[in-house]
Structures are given as structure tokens and as C-alpha cells.
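Remarks on the structure that follows.
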Amino acid sequence: MYQENTSLAHNLSGLLRESTSDDWALIEAIDTLASTHGDDVYDEFFYVLIRKRFGAETAVMHWKSIIPLISSVIAPPYVHKGFLPTVLHYMQREAVILSNPRFFEADYFDNIQRSSITDGLTGLYNQTFFKITLTKMIQQARRHEMSPFAIVLLDLDHFKQYNDACGHLAGDHALKQVASIIQQSIRESDIAVRYGGEEFAILLPQATRIYAANVAEPIRQAIEAALFVGQEHLPSRNLTISGGIAEYPLDAVDAEALIQIADDELYKAKSRRNCIYPAGEERRNGFRSPVRSLVEFAEPVDKNFRPGMTYDINEYGMSLGCDVSFMVGSEVTLRFYRPFWNGDVLLSGTVRQVRKSGELNYIGIEFNRNELESDTDLSIFCHTHYRK
């Protein structure tokens, strides 16, 4: 039996090493091998690939689950090279057997690295895999009420100028250097992504927005301190990075909206450069206090204000209870007035979260604080002035 398994392992290793152009041929070859040697072939295949044994029956079940999954995980142009990436996806995301792709042996991980789910330059995952994984995490979170998670979008500052001044080879080297810094700064369960061009993303399971800020800020500092060839040609004489953060479900409850909010925060950060939005310390010091008080609200195009009740509030945002539902990302106008508040202020905000309970909607709103005219306006949100 030992000699037979050794022979199977040798045959399977050979098939995996030779599979460079068409994974369907690899699948057919393994099925043919199984028709001769039995279902133990599938168990041996998983052992050769990821050093895990399941037994023949369970291995066949995994095999039959993976094959139909290829076309839904891998984009059509790359389906012929989608088998090994789909094995990785299935083991990590569907069966939850692997927590880290580095369990794959190096020879086979090289094949995955050249596949459609990773970026060929940096070795990080690509945007397609990021969006698929994000969507699946949200689906799982809705079904199982999982803990919050966060995403970070990062963008190198003035990278076009760096490329123009130093050349694309230096630019490619800088991108690989940044990818390495990001990869070394995150947990094994986190997913680092080259989102496109000079943009990167990080998916942080079981993480709040504050935790994400505490991950992103050291990355920003490390990149600011790193030595990049030719960076002295930049106006700032330093290659830096900016980032935006969003948290599920606090900021949004679907993938597109969550990415948009992180992108909005990144846009704010890019206006200053070399910073992360929202900053961890700013959010930590801005926890909302529970306050019940009357506030009026309306859509920006609507002149008819309706009454609502605040549930918690600080100078950055509030939770509003009302009988109207809003779309995440939509704008709302708010009116605070005496005697319910210590001042009269008209302010707009952006809807970041919507939750329904019975006939009441709970709306999480982030204030557009640039509309506040003075510290006097801001003082109506300070907890010492709340009317409870």
C-alpha cells in the first residue's frame, strides 16, 4: 500500500508540474488515474497539494464541489487556468479548511501566483478575487451574524510623477516594495490586494474601523520611511501613500457601497496626501454618546422636513430613528433647533448605514462637517450640551 501511494504521489506530482497551459487536461488526467486506481487518487491529490488527508469518500466530495465552482470563481478568459486557484478558493472560503494559501507547496503556489486571482508583478491577490471574497464575506455575515470586518483602500501619492521621473522599471520595483511592506504588516487571515495601478487594498476579517486604522497607519509610516530609488525627484522628495477605510456593517451592508465609502475616505486623504482617513485616534475620541432628542430631516431636494429622534451622536455623526428609509450613500439635510438643542444649525450628512426594526428605520449618518461655520455650531454636538 505504501509503495502504491508513493507511486500515486509521484504521478500526481508529475501531472501538477506539467500542467502549464490547460487545467482541464490536468482534471481529465486525474479522473483517468482515479478510474484505474480508485478514489484514493483524489485523497492523494489533496495530500500532495496541501498536505491534508480527508479519506477517499470526503476527497471525492471536495473534488465534485470544486469542478463546477471554477466557472463562477474565475473570469471566462482564464477558466482554462482556473483549477488550482479554485482549489485555493474552495479550501479557504467554501470548506474553510485552509486559513492561509502558504500551506500550498512552493512549486504549486507558483502556479497559483501566475493565475487569474493574483497580480503577476507583486504576488498579491487581484481586484477580481478581492471583490468575490468581499461579496462572499458579506453573504456569510448576513447569514451568520458574523463580527464586523473592514477594508482599506491605499493609493501611492504622485506615483505618475515618480514613474515619469524614474522610469517604469523603478516604478515596478517600488510597487513590489510597497506590496512587501503591506504583506509584512498584516495578519495571516488578512488579504492584501493590488487593486490596480498604484492602488492597493486590504480586507481585514473580524476588524473594526479603528483596528483598520491601526493597521493602515503603520503601513503609511513604513512607506514614508522606506527608501525608494529616485524618490528625491518628487516635489516632496519622498514617495508616500494615502488610505481610506470602511467597516461592515457600520458604513455599508453591500460590497459596492462599502468600497465606495472607502474610496470616498481615500479621496479625502488624497486631498492632503500621506494620511489615512478616518484616522484611528480621531474616531477613538469620537465615540457617540446615547442621546434622545428631536431633530428634523429632509432629502436635499425636499423642502418638507419630518421629525426624527436621535439615539446617539457626536461631532462626526449620529443615529436617527425615523419612519423613512434611505439608501446607503444618499444625502440628507438635518435641522437642529432650540429648545431641543443649544443652538440652531442646518447641516447635511451622508447615510452610512440603514437598519430596519419593525416599522422604524435606524439611519447611521456621517455629518458633512465642513458646513459648520464655527466652533459655536460644533458645540451643539458636544455631550456636555446635549439635552436628554
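What follows is calculated from the coordinates using simple rules that are stated; it is not laboratory data. Predicted, not measured: the structure shown is a model, and the values here were computed from it. Here the Cβ positions follow ideal geometry from the backbone for every residue, glycine too, while neighbour counts run over all protein chains shown.
Odds and ends about this structure:
- Above-threshold pairs, the threshold being 29 Å between Cα atoms, out of K270/K356; K52/K176; K64/K136; K64/K356; K303/K356; K131/K176: K270/K356; K52/K176; K64/K356
- A simple rule links phi to the HN-Hα coupling: the Karplus curve 6.51 cos²θ - 1.76 cosθ + 1.60 with θ = phi - 60°, which for the range 324-334 gives 10, 9, 10, 7, 4, x, 7, 9, 9, 9, 10 Hz, with x for Gly and Pro.
- Amide proton proximity set for Q353, modelled H, under 5 Å, gap of 5+: G364
- Projected area averaged over orientations for the range 123-246, convex hull of C-alpha atoms, nm²: 7.3
- Peptides ranked, highest mean first, by Cβ atoms within 10 Å: ranges 162-172, 254-264: 254-264, 162-172
- Note on Q139 and E217: their simple-model spin labels are 3.6 nm apart, each label 7 Å out from Cα toward Cβ.
- 5 angstrom amide H check on S293, placed H, neighbours 5+ away: T310
- Rg/Rh (Cα only; Kirkwood hydrodynamic radius) as it applies to the range 159-310: 1.08
- Mean Cβ neighbour count within 10 Å, used as a protection proxy, ranking 355-365, 131-141 highest first: 131-141, 355-365
- Of interest is the spacing of the C-alpha centroids, which for the range 222-246 and the range 24-70 amounts to 47 Å.
- Inter-centroid distance (Cα atoms) of the range 186-215 relative to the range 314-330, Å: 27
- Length released on extending from Q184 to M309, taking residue separation times 0.36 nm less the Cα-Cα span: 40.5 nm
- Charge context of L227, other residues only, Cβ under 15 angstrom, K/R +1, D/E -1: 0
- Here the Karplus relation 6.51 cos²θ - 1.76 cosθ + 1.60, evaluated at θ = phi - 60°, turns the backbone of the range 350-363 into coupling constants of 10, 6, 10, 8, 9, 9, 9, 9, x, 8, 9, 10, 10, 10 Hz, with x for every Gly and Pro.
- Total formal charge among the other residues, if their Cβ is under 12 angstrom from that of K270, Lys/Arg +1 and Asp/Glu -1: -4
- Under the criterion of Cα pairs below 8 Å and six or more residues apart, the relative contact order for the range 125-284 equals 31 percent.
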